[in-house]
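Remarks on the structure that follows.
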Amino acid sequence: MADHNDPNAVNHIFSDIDYSPADLYDFFGWPTAGGNNVVFALTFASTPAAGVLDSDLLYRLLLTSHPRVGWPDADEISLESVLRYFDAVKDKYLGELKTAEIRVTVETPSRVMVKFLGFNCGNFSTVVEVNKVVAIPTPDGQMIQAFIGGRDDAFFNDLTGFFRSINYAPQFYHVPLTMTEARELPIPKTLLELEGNDLFNYRPDMPEWGFTQPDGTTPKLDLPPGPWTWNGDKFKKDANGNFRFVYDGRDCRAGQNCNAIILEVPHSFITPATADNRLVNGWGESWVRKAAHKVESIPDDPSWLMHPWKAVREKELDEELRKYKLVDTDGQPFADAALSEREDDRQLGANNFWLGPHFIKRLAHLGWGFGPSISALGLKTSFDHNNSPVSVYKTYDLVATAFPRVAKTLFQKLNMPDPSWNPKGLPIPLRRPFEIFIPNVCAVDMDTSGTWPFGRRLEDQVATRFLSMFLDMEAQWNGKKYHIDMLGDQALWNSAPIVPKTPPNPLKNDKEFLDQFPYLAEPWPENW
Amino acid sequence: MNEMASQADLRAPPLAGYREELERAEKDIAELESRRQRHPGDLEKRVRLAYRLFHRASLTGRVAHFESVEGAVLETIHEFGPKEDLCLLKANLDFRFHRLAEVRRDLQMSPLLWGRFEGRVLVADLDFQEGRYEAARRGFERLIEENPTWDNLARLGHWKSKLGEVAEADQLYVEAEDDLTAKQMRSYAWLELQRGVLAFTHGRYADAWRHYRRADEAYPGNWHTDEHFAELLAAEGKFQEAEAMFQKVIARSPKPELQQALGELYLFTGRLQEAQPWLDSALARYLESVWRGGVHYFHHLADFYADVREEPAEAVRWARKDIEMRSNFSTQAAMAWALYRNGRLSDALEYIRLALSSGVRDAGIFSTAATLFEAAGENAEGQSYAGVALQINPMHHNFHMHH
């Protein structure tokens, strides 16, 4: 199972589990053509190779468009209000919302079937070659740009730093798959190293510890016998009084590829009421063919191939999907990696509303780790940690107990760094964390630039932006309100008592993105 | 420009199967061996190597390959200590070879393993092997409730197949199959073989053929599937084809039980001279395994001395050794048969009653019971068991292998 936004996908951290083409990496979405088109990109593991797809896979991009309606109780900061919100989302996704779908099945490693289902112009399909930009005409006379194939992985992130911050042992230690209690070790999560934390602090004698090397190996240590505890009471400081950052800002995905389904779709193809339906929600799913149907599929029914424009009956499609098993979902970056603890049975896609209460407890747990770290750096945090001088390990059984700590983090509006996100200057409300992560979709606002959290553009440093949720957005730094890119500002780190003096994650991708479709860069050469 | 294709290649390539998987396993092993030479301290890769060796051994069934696994596991435990994943692998290896006391020791080496999901699977397996049927069933059901993995569904299916819930067993196998993806075709084929065996042991040969063929189609080239084909051909009286198939399988996997099966096929068809070399070889291999400390072939030795060589005292000796390790309906029935052949009818009756008290519904065991009860003059009971044996499997007198 993939770890969204985590191309190392949790399973691969373990020693005996291979990469799978069902491991979804990221889901991107942003408007183009002045808000008339929308681009969606679903990226996943390049197995068997970049540009070569696995014929047992089926991928779905699910889309829905609706008006931008503000949550009426958004200013009522209460547990009841947020729980009502989760309920409303549930009703919406289980009830009124009509979801259309772009389904990709792999006919051969170099040809895929693309089916458009549930759109207003009727169902249709086409076969396209991989690794080529193709234009797909729609029955209502529009044109969709498509690229399906290998690209440079558009994700840039200090994954090892993130794992260090949440004490994720399998990245650093040999942890058998059976030892589920030895994944996130029960010591405080933190952005700054803890004095005497021998489990995760940087080791000068082993600078590559926990970093995956070009040959695919990761230097690890033998997990010491438990109990795994930390009994200190302060952050670690060097002789110069500097904290040590758990991140070093390197791009752990540099030089690596993905496979991708990239589509640029007219908004009017998704909804006829484009003026009203200014939001386009999207999310992705991967399905693997069931074994029983692998046998049956030889030979396959050629009707799809002979009649690519043939309308599809709903019944047949349901039958098709029943031949596959849902493996992974992806909508919002960090919805799973940081908030759902990467548990397989929580791979729910948009329908993650039932995780709402868990989301509050998890956010509070993270807050006790990250909040004091932020305060120690002299910054203001949105998390109420009772002025704790150091990170604290705390978990919650009750949402009601967790909520007061995390209320501000949940409800605060996430400030944007500048007005470029809203080029039309429309009265679009800033987004709040509870709206961003529930439901687990990439919600593209067609009147914005589509930068996260109003979608997700390729160049968005979403990992650093995720951390910014724990900043107090009412505070100011250098005469400017805190915003979601503040932790990516080198000047902040230059002035902070910390080493290394770097933003937590790289500021840009290892390859330049393209300024035209398919936007993701060409793949790196592969040796096989 | 629209580069849409109007027609794709319609013919899917044949499915990858045994050969491709073995090649991949060999390649991985070579790479991991090379890494072991260069970085002997890389525990993770050493563990991976041990698992890959086990994977290869499971594919080939060769003793030498299993010995390599054992060597790698012991060496790695010696160097790095009883790591949980190594202990789990060793426990699985020991279980496969009926070293049940060792399985317990393996689980104890890494104490938390007992409580793990994977550890509890082995505990339920031990319960079944040691005749605690209800505990085994409850164990499998609890595991399935917790996480309905295909292998545990199959375990419960096996339990039900032995205890007479045939339709439920098949349904569990179907459910297990539904959990598998196209990336697990070997497991799917294995499940199809179990469904085929279920049909075969109930005399439904056409169904058995269907499942065996499906297994072969799903995972081509597996000698294990051919072994089932050979038995079924022989049961149907297609002896020449069966002989050829057994020889083909033995050439690929020279397991002594297969050599015994071929020898018995020759006996069954009155070709005594041709039978002897195969039976001699099988016996030599069984005894060689015992000399090397193995216990896996006790059951086969009991059968062999009871029916093939007709040295019933030896049969009793091996059956006793087997039952001392794992007292279950299978070992109890084997003991009963050996005792009967050795002229100890009253002792034999005790053991067959013990086996029957388990609730097992097996044509072979019921047939043994019928013979024993009739020999003891309990004709009504004997005829009753003979009748039920026929109900369960009208073909149970046909050729079959000793599993």
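Give the cross-link partners of A:Lys511 among the lysines, using a straight C-alpha distance below 25 Å as the criterion and excluding same-chain residues fewer than 8 apart.
In chain and number order, the partners are A:Lys132, A:Lys501.
For A:Lys480, list the lysines whose Cα falls under 19 Å from its own Cα; do not include residues on the same chain fewer than 8 positions away.
Within the straight-line limit of under 19 Å, A:Lys480 reaches these lysines: A:Lys380, A:Lys413.
Tell me the Kirkwood hydrodynamic radius of chain B in angstroms, computed as one over the mean inverse distance between distinct C-alpha pairs.
Taking the inverse mean of 1/r over all distinct Cα pairs, chain B comes out at 22.8 Å.
Excluding A:Ser468 itself, what net charge comes from residues whose Cβ is under 14 Å from its Cβ, given Lys and Arg +1 and Asp and Glu -1?
Combined, the nearby Lys, Arg, Asp and Glu give +3.
Net charge around A:Thr401, counting only other residues with Cβ within less than 11 Å of its Cβ (Lys, Arg = +1; Asp, Glu = -1)?
+2
Can you give me the angle between helix B:63-80 and the longest principal axis of chain B, using Cα atoms only, in degrees from 0 to 90, rounded to the nearest 10?
Here the helix axis deviates by roughly 60 degrees.
Find, among the GluC sites (Glu not before Pro) in the stretch B:296-403, those assigned to loop by DSSP (not H, G, I, E, B) with at most 12 other beta-carbon atoms within 10 angstrom.
Sites meeting the loop and neighbour criteria: B:Glu310.
Can you pull out the GluC sites (Glu not before Pro) in the stretch B:90-157 whose DSSP state is coil and whose Cβ has at most 13 other Cβ atoms within 10 Å?
Taking the stretch B:90-157 and a limit of 13 other Cβ atoms within 10 Å, no loop GluC sites (Glu not before Pro) are found.
Just how large is the dipole of the protein assembly as shown about the Cα centre, in debye to the nearest 20, putting +1 at every Lys and Arg Cβ and -1 at every Asp and Glu Cβ?
1100 debye
Rounded, prolate or oblate: which one fits the stretch B:1-158, using the alpha carbon gyration tensor with axes a ≥ b ≥ c (rounded when a/c is under 1.5, else prolate when a/b beats b/c, else oblate)?
Oblate shape, in that a/c is at least 1.5 and b/c is the bigger or equal ratio.
Roughly how tilted is helix A:399-411, in degrees to the nearest 10 and between 0 and 90, from the longest Cα axis of chain A?
Between helix and principal axis, roughly 80 degrees.
Between rounded, prolate and oblate, where does chain A land on the alpha carbon gyration tensor, with a ≥ b ≥ c its root eigenvalues, rounded for a/c under 1.5, else prolate if a/b exceeds b/c?
Taking the square roots of the gyration eigenvalues as a ≥ b ≥ c, chain A is prolate.
Out of B:Ala376, B:Ala355, B:Ala50, any idea which swings most in a Gaussian network model of chain B, alpha carbons joined below 10 Å?
Fluctuation is largest for B:Ala376.
Please list, by residue number, everything in the stretch A:419-450 whose backbone N is under 19 Å from a paramagnetic label point 7 Å out along Cα→Cβ of A:Gln142.
A:442-450
Can you work out the FRET efficiency for the pair A:Glu195 and A:Lys424, with r the C-beta to C-beta distance and R0 = 45 Å, to the nearest 0.05?
Efficiency, rounded to the nearest 0.05: 0.35.
Over the Cα atoms, compute the radius of gyration (one decimal) and Dmax (the largest Cα-Cα distance, rounded to a whole number) for the stretch B:352-403, in Å.
10.6, 30
Between B:Arg38 and A:Leu507, what's the calculated FRET efficiency when r is the beta-carbon distance and R0 is 30 Å? Round to 0.05.
Working from the Cβ atoms, E equals 0.25.
For every helix of n ≥ 4 consecutive DSSP H residues, a contribution of -39,500 (n - 2.57) applies; sum these over chain A, divide by its total residues, and give [θ] at 222 nm rounded to the nearest 500 deg cm²/dmol.
So the helix-based figure for chain A works out to -5000 deg cm²/dmol.
Where is the GNM fluctuation largest for chain B (alpha-carbon springs, 10 angstrom cutoff): B:Ala182, B:Ala369, B:Ala275?
B:Ala182
Give me the one-decimal nm value for the distance between modelled label points at A:Gln490 and A:Asn231, 7 Å along each residue's Cα-to-Cβ direction.
Result: 4.4 nm between the two label points.
Using the crude model of +1 on Lys and Arg Cβ and -1 on Asp and Glu Cβ, and no other charge, please compute the dipole size for the stretch A:243-288 relative to its Cα centre, in debye to 20.
Using only the charged Cβ atoms, the result is roughly 220 debye.
With everything on Cα atoms, drop me the angle between helix A:79-91 and the longest principal axis of chain A, reported from 0 to 90° to the nearest 10.
20 degrees
Which of B:Phe373, B:Phe117, B:Phe95 moves most in a GNM of chain B, Cα contacts under 10 Å?
B:Phe117
Give me the count of lysine pairs in chain B whose alpha carbons sit under 29 angstrom apart, restricted to pairs 8 or more positions apart or on different chains.
26
Taking every pair of alpha-carbon atoms in the stretch B:142-254, give the share separated by more than 17 Å as a whole percent.
56 percent
Among all the aspartates and glutamates, which ones have a C-alpha under 15 Å from A:Lys508's C-alpha, if same-chain residues fewer than 8 places away are not counted?
Here the aspartates and glutamates satisfying the reach criterion relative to A:Lys508 are A:Asp152, A:Asp153, A:Asp158, A:Asp248, A:Asp251, A:Glu459, A:Asp460, A:Asp485, A:Asp489.
Starting from the Cα of A:Asp18, step 7 Å along the direction of its Cβ; do the same at A:Leu79; then give the gap between the two resulting points in nm.
Result for the modelled spin labels: 4.8 nm.
How big is the C-alpha Rg of the stretch B:313-403 next to the rule-of-thumb value 2.2 N^0.38 Å, as a ratio?
My calculation over the Cα atoms of the stretch B:313-403 gives 1.02.
Obtain the nm distance between the two label points defined at A:His293 and B:Arg210 by a simple spin-label model: each point lies 7 Å from its Cα along the Cα-to-C-beta direction.
Label-label distance for A:His293 and B:Arg210, simple model: 2.1 nm.
In a shell of Cβ-Cβ distance under 9 Å around A:Thr178, excluding A:Thr178 itself, what net charge do Lys and Arg (+1) and Asp and Glu (-1) give?
Value of the local net charge: -2.
Need one value for A:282-293: mean number of C-beta atoms belonging to other chains within 10 Å of its residues' C-beta atoms.
4
To the nearest 20 Debye, how big is the dipole of the stretch B:148-203 about its Cα centre, given +1 on the beta carbon of each Lys and Arg and -1 on that of each Asp and Glu?
220 debye
Kindly state, to the nearest 0.05, the FRET efficiency for B:Asp178 paired with B:Leu272, given R0 = 60 Å and r defined as their beta-carbon distance.
For B:Asp178 and B:Leu272, the calculated efficiency is 0.80.
Along its three principal axes, how long is the protein assembly as shown when you only count alpha carbons? Whole Å, largest extent first please.
Ordered largest first, the protein assembly as shown gives principal extents of 102, 69, 52 Å.
Quick check on the stretch B:148-203: what are the equivalent-ellipsoid semi-axes from the Cα gyration tensor, as sqrt(5λ), descending, whole Å?
Listed largest to smallest, the semi-axes of the stretch B:148-203 are 19, 12, 7 Å.
Where a number appears in this text, it was derived from the coordinates with a stated rule and is not lab data. The structure presented is a predicted model; accordingly, all values stated were derived computationally and were not measured. Backbone-built Cβ (ideal geometry, glycine too); neighbour counts: all protein chains shown.
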